[in-house]
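Worksheet: one structure, shown below.
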Amino acid sequence: MSVVLLVLPDFLLVALGWLLHHRLAFTREFFAGMERLVYFVLFPALLFQSILRTPISAATAADLLLATALVCGAGMVLAWLAKPLLRPALLAYASTAQCAYRFNTYIGLALAANLAGPAGQTLMALIVGFAVPLVNVAAVHALARQSGARPLREIVRNPLVLATLAGLAANLAGLQLPGPVDTVMARLGAAAVALGILCVGANLTWQGGRGQAGLMAWMTAVKLLWLPLAALAVGHLLALDALTRQMLLLFAALPPASSAYVLAMRMGGDGRLVALQVSLATVISAATIPLWLAAAAWLAG
């Protein structure tokens, strides 16, 4: 099946989310409640069970952690280069830098399952679990001057970090969930992806960003162009297997997380600018993700 056809259903869900909120009168409060449900309940259940169900060795986890850290680090360095090269306003830079390395988890997990089934989704869950604390520390640190927030406290309380650590610990300890509990977790996880992607579409907006075209173009290019190139290089450097390389590339090519807007607003940043940045990158990624995956398949062949 064409890569475009594999990617298309999830971006149609993004479009449906936009229609529900902006044209069919589903309120912002409705989607805010859905986002909390996905973030605190459904998605942690999916992460925990995906990691628990698949055999993982300490060596495999270490390789994946290193690869994830290198890709995320590349995004942070490339985002920082905007400061000396473009000399943007401090608030605009602090707000949008996170869009160069934060990632949309819901789209990532959905596409991973479409491309490679449960094995791909488990790898993506591990990558996401490793990346969440790294990118959150960087994003909170960049905005800390605006609110005096404590990055460590943000990470310790993050439900995605807790679910990943619990899943890894249970997996390495050889634990298994009782049958009824496993079924409940599976059903919660099954709801997470579709609802999460609908929330992505509901958050799309085209307001804000006046006078920041250069900065937005830079961060978008880092996220959708340079970071996937970095992922290809890291996969080759670490001699990762084909499936892991594919999932690492998909992770790097994902658009920024919708939660970047929430963080910017909560910490005194320019939320409207971030919302527009995320929206533009999400729409553009519908074209760039299939191109990157097709390029990876061509290189592997």
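Laboratory data are not the source of any read-out in this text; all were calculated from the coordinates shown. Given the structure is predicted, the values throughout are model-derived calculations rather than measurements. Positions of Cβ are generated from backbone atoms using ideal geometry, with glycine treated the same way; all protein chains shown enter the neighbour counts.
Kindly check whether there is at least one residue in the range 176-189 that is in contact (Cβ under 8 Å) with a residue 60 or more places away in the chain and within 25 Å of residue 285 (Cβ to Cβ). Yes: the range 176-189 contains one or more residues that are in contact (Cβ under 8 Å) with a residue 60 or more places away in the chain and within 25 Å of residue 285 (Cβ to Cβ).
Taking the range 52-64, which residues are of a type in the set (Ser, Thr, Tyr) and surrounded by fewer than 17 Cβ atoms within 10 Å (Cβ to Cβ)? Result: 57, 60.
The residue of the range 224-274 that is nearest to residue 103 (Cα to Cα), among those that are charged (D, E, K, R) and in contact with a helix residue (DSSP H, G or I) (Cβ under 6 Å, 6 or more places away or on another chain), is 245. Of all the listed residues (235, 167, 271), the sole one being closer than 17 Å to residue 42 by Cβ and surrounded by 14 or more Cβ atoms within 10 Å (Cβ to Cβ) is 167. Condition (residue is hydroxyl-bearing (Ser, Thr, Tyr), touching a residue at least 24 places away in the same chain (Cβ under 8 Å), surrounded by 16 or more Cβ atoms within 10 Å (Cβ to Cβ) and outside any helix (DSSP H, G or I)) applied to the range 32-51: is it met by at least one residue? The answer is no, given that none of the residues of the range 32-51 is hydroxyl-bearing (Ser, Thr, Tyr), touching a residue at least 24 places away in the same chain (Cβ under 8 Å), surrounded by 16 or more Cβ atoms within 10 Å (Cβ to Cβ) and outside any helix (DSSP H, G or I).
Among the listed residues 272, 245, identify the single one that is more than 19 Å from the chain's Cα centre (by Cα) and either part of a helix (DSSP H, G or I) or over 22 Å from residue 4 (Cα atoms) (or both). Break it down into steps so the answer makes sense when it comes.
Working: 245 fails: more than 19 Å from the chain's Cα centre (by Cα).
Result: 272 is the single residue among 272, 245 that is more than 19 Å from the chain's Cα centre (by Cα) and either part of a helix (DSSP H, G or I) or over 22 Å from residue 4 (Cα atoms) (or both).
Please determine whether any residue of the range 66-82 is under 30 Å from residue 183 (Cβ atoms) and either not small (Gly, Ala, Ser) or not in a loop (DSSP other than H, G, I, E, B) (or both). Checked the range 66-82: no residue is under 30 Å from residue 183 (Cβ atoms) and either not small (Gly, Ala, Ser) or not in a loop (DSSP other than H, G, I, E, B) (or both).
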